[in-house]
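Remarks on the structure that follows.
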Amino acid sequence: MDKYIITGGSPLKGRVCISGAKNAAVAIIPAAILAGDVCRIENLPNISDVAVIARILQELGAEVTRANASTLIIDPRRINTFIARRELVSNMRASYYLLGALLGRWGKARVPMPGGCYFGIRPIDQHLKGFETLGAVAGVENGMIHLDAERLTGGHIYLDVVSVGATINIVLAAVKARGLTVLENAAREPHIVDLANFLNSMGADISGAGTDVIKIRGVESLRGTTYSIIPDQIEAGTYMAAAVAAGGDVVIENVTPKHLESITLKLRDLGAEIDEYDDSIRVRRTEPIKRTNVKTLPHPGFPTDMQPQISALCAVGSGTSIVTEGVWDNRFQYVDELRKMGVKATVDGKIAIFEGVPKLSGAPVAATDLRAGAAMIIAALMADGVTEIEQIRYIERGYENVVDKLRGLGADIKRISDYKDDAYAQNHA
Ligand code: EPU
């Protein structure tokens, strides 16, 4: 099995450049299905989730070419089906954006139930409620979600739960529907604004993205576009947390500091010194890590996708820290892995209490999901001795070149490959 081997104790110093946002990329690539012409999408992260969603579009008939490591050119005109095949789709959660995109294009969609990281039950009832309000009939047969609409027509939708995925899916389905759609209690994450900007650059009429009321006036057609996606807020936050963990002085480049505000404030509570510039941020730590309390919430609250990374820091804080998960039912599975490194924590449902310990010790651990994997890296950077992290395919779904980026900052990290995971890598290239 492939592994990362990390020897802790080296402070991080230097500059690291953040890639494009994964969760924007996996929405914007399927959104290209709605275009009537070629889309050029720039600043994409070079990660396996992007490769998989691009491959799915190819399977649907789109012509997808890679202009360079971070740019895809997608010609969706030859897409000739509304049916997505099971093999690739069941690998990733974001494949559910095919529902909104195919429904918006064809008035029909057949998409297998999505896969992805498991943090408890991940329902899609709010997505389906939105599609039904727009006039689609939804059902599930043999593990495939079926959507059929005579003609999509705008409507008034109130989300019972603030959902990123439902917000994006409803925007995708409504963008070419007849008339006005009003979506209330919408999610406000930066990647929702990015998706709306992408669609508007193709001629869509979407306003209010980034607030909790989004209005979508349907248009007849969408043209092709050239678009560069936003920097990855969570990748940036992860390197900020890594800099705090290891100590040192790191400048994180190609970021939008406004998107990082809740992370910046929490890391300052933990003792970091942070300076914000136009599109970069400098993170230093010279004092011991302090304690804090954190509760994750939808944007602009503290992001759930930074919860494991901040918990790794709380684990060595000077006192007791309480971390409350406000988005997912079951996002503390990784704590068992951290315990192998000497972390003292109790978990009760959606609350974890960390009794800060002075030092962690290296151990063999596994990445139980993408962000849990990031937490293992952060813990390993501060631990005494060597940590081996298995199941790194989760990490590589969402972090571009994490080994090279950390080595560039002076971390002692290497990747060990074997045949089995090489086969995995080839399947997902
Ligand atoms: N929910 C429902 N019904 C629905 C949809 C969601 O009850 O129809 C609930 C979920 O069970 C959860 C909450 O609403 O408790 C929020 O879920 P949301 O729909 O916002 O999550 P998602 O769209 O499936 C995206 C990200 C996740 C991130 C969450 C929350 C993508 C591809 N995934 O998931 O990212 O944790 O939003 O911000 O954008 C990650 O990148 O590591 C990751 C898991």
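The values are calculated or read from the model by the stated rules, or taken from the named source; none is laboratory data. Here the structure is a predicted model, which is why all the values come from computation and not from measurement. All Cβ positions, even for glycine, are placed from backbone atoms using ideal geometry, and neighbour counts span all protein chains on display. Calculation scope for accessible area: heavy atoms of the full protein, side chains included, ligands and nucleic acids excluded. Shrake-Rupley method; radii C 1.70, N 1.55, O 1.52, S 1.80 Å.
When N counts the residues of the chain, how does its alpha-carbon radius of gyration compare numerically with 2.2 N^0.38 Å, as a ratio?
On the way: Rg = 21.3 Å, N = 429, 2.2 N^0.38 = 22.0 Å.
The chain yields a ratio of 0.97.
What whole-number value in Å² describes the accessible area per residue of the chain for a 1.4 Å probe?
On the way: 16380 Å² over 429 residues.
Dividing the accessible area of the chain by its residue count gives 38 Å².
For a protection proxy built on the mean count of beta-carbon atoms within 10 angstrom, sort 376-389, 253-266 highest first, please.
My ranking of the peptides, most packed first, is 376-389, 253-266.
Taking loop as defined by DSSP and a crowding limit of 16 other beta carbons within 10 Å, which trypsin sites (Lys or Arg not before Pro) in the stretch 140-227 fit?
Details: sites: 151, 176, 178, 188, 215, 217, 223; in loops: 151, 176, 188, 223.
Here the trypsin sites (Lys or Arg not before Pro) that fit, given the DSSP loop and packing criteria, are 151, 223.
Could you tell me which residue out of 297, 267, 91 lies farthest along the dipole of the chain toward its positive end? Charges go on the beta carbon: Lys and Arg +1, Asp and Glu -1, centred on the Cα centre.
Looking along the dipole axis, the top candidate is 91.
Considering only the chain, what is the antiparallel percent among its DSSP beta bridges, to the nearest 5?
Working: 56 of 80 bridges.
Among the beta bridges of the chain, antiparallel pairing accounts for roughly 70 percent.
Counting DSSP beta bridges in the stretch 22-228, what percent are antiparallel, to the nearest 5? Don't jump to the answer; show the numbers that get you there.
Details: 26 of 36 bridges.
Percent antiparallel among DSSP bridges in the stretch 22-228 is about 70.
I'd like the projected area of the stretch 62-155, averaged over all directions, using the convex hull of its alpha carbons. Report it in nm² with one decimal.
The Cα convex hull of the stretch 62-155, projected and averaged over all directions, gives 7.4 nm².
Would you be so kind as to identify which of 38, 101, 221 lies farthest towards the positive end of the dipole of the stretch 22-228, taking Lys and Arg as +1 and Asp and Glu as -1 on Cβ and the Cα centre as origin?
Positive-end residue among those listed: 38.
If the only charges are +1 at each Lys and Arg Cβ and -1 at each Asp and Glu Cβ, what is the size of the charge dipole of the stretch 22-228 around the Cα centre, to the nearest 20 debye? Kindly include the intermediate steps, with their values, before the conclusion.
Numbers: 21 positive and 19 negative charges, 65 e Å.
The calculation lands at about 320 debye.
Which whole-number percentage describes the relative contact order of the chain, with Cα contacts under 8 Å and a sequence gap of 6 or more?
Working: 1082 pairs, mean separation 89.5, N = 429.
Dividing the mean separation by the residue count of the chain yields 21 percent.
Ignoring ligands, DNA and RNA, what percent of the 1.4 Å accessible area of the chain is carbon and sulfur?
48
Compute the distribution of all C-alpha to C-alpha distances in the stretch 229-276, in bins of 5 Å from 0, and list the percent of pairs in each, rounded to whole numbers.
Distribution as computed: 5, 23, 38, 24, 9, 2, 0 percent.
Please label the shape of the stretch 22-228 as rounded, prolate or oblate, based on the square roots a ≥ b ≥ c of the eigenvalues of the alpha-carbon gyration tensor (a/c under 1.5 means rounded; beyond that, a/b larger than b/c means prolate, else oblate).
rounded
Name the residue farthest towards the positive end of the dipole of the chain from the options 318, 52, 128, assuming +1 on Cβ of Lys and Arg, -1 on Cβ of Asp and Glu, about the Cα centre.
With unit charges placed on the Cβ atoms, the residue in question is 128.
Can you tell me how the stretch 318-368 classifies by the Cα gyration tensor, rounded, prolate or oblate, using a/c under 1.5 as the rounded cut?
Judged from the Cα gyration tensor, the stretch 318-368 comes out oblate (a/c at least 1.5, b/c at or above a/b).
Calculate the tail of P(r) for the stretch 179-307: the fraction of all Cα-Cα distances greater than 20 Å, expressed in %.
Summing the P(r) of the stretch 179-307 above 20 Å gives 53 percent of all pairs.
Using a/c under 1.5 as the rounded threshold, could you call the stretch 20-110 rounded, prolate or oblate? The axes a ≥ b ≥ c are square roots of the C-alpha gyration tensor eigenvalues, and prolate needs a/b larger than b/c, oblate otherwise. Can you show the working numbers first?
Working: a/c = 1.71, a/b = 1.26, b/c = 1.35.
Here the stretch 20-110 falls in the oblate category.
Rounding to the nearest 20 debye, state how big the charge dipole of the chain is about its Cα centre with +1 on each Lys and Arg Cβ and -1 on each Asp and Glu Cβ.
Working: 47 positive and 50 negative charges, 46 e Å.
I would put it at about 220 debye.
Between the stretch 132-203 and the stretch 10-65, how many Å separate their Cα centres?
Here the answer is 21 Å between Cα centres.
What's the center-to-center distance, using Cα atoms, between the stretch 243-282 and the stretch 402-418 in Å?
Here the answer is 21 Å between Cα centres.
If you take the alpha carbon radius of gyration of the stretch 279-381 and divide it by 2.2 N^0.38 Å, what ratio comes out, to two decimals?
1.02
If packing is taken as the mean number of other Cβ atoms within 10 Å per residue, what is the order of 405-411, 163-169, highest first?
Result, highest mean Cβ count within 10 Å first: 163-169, 405-411.
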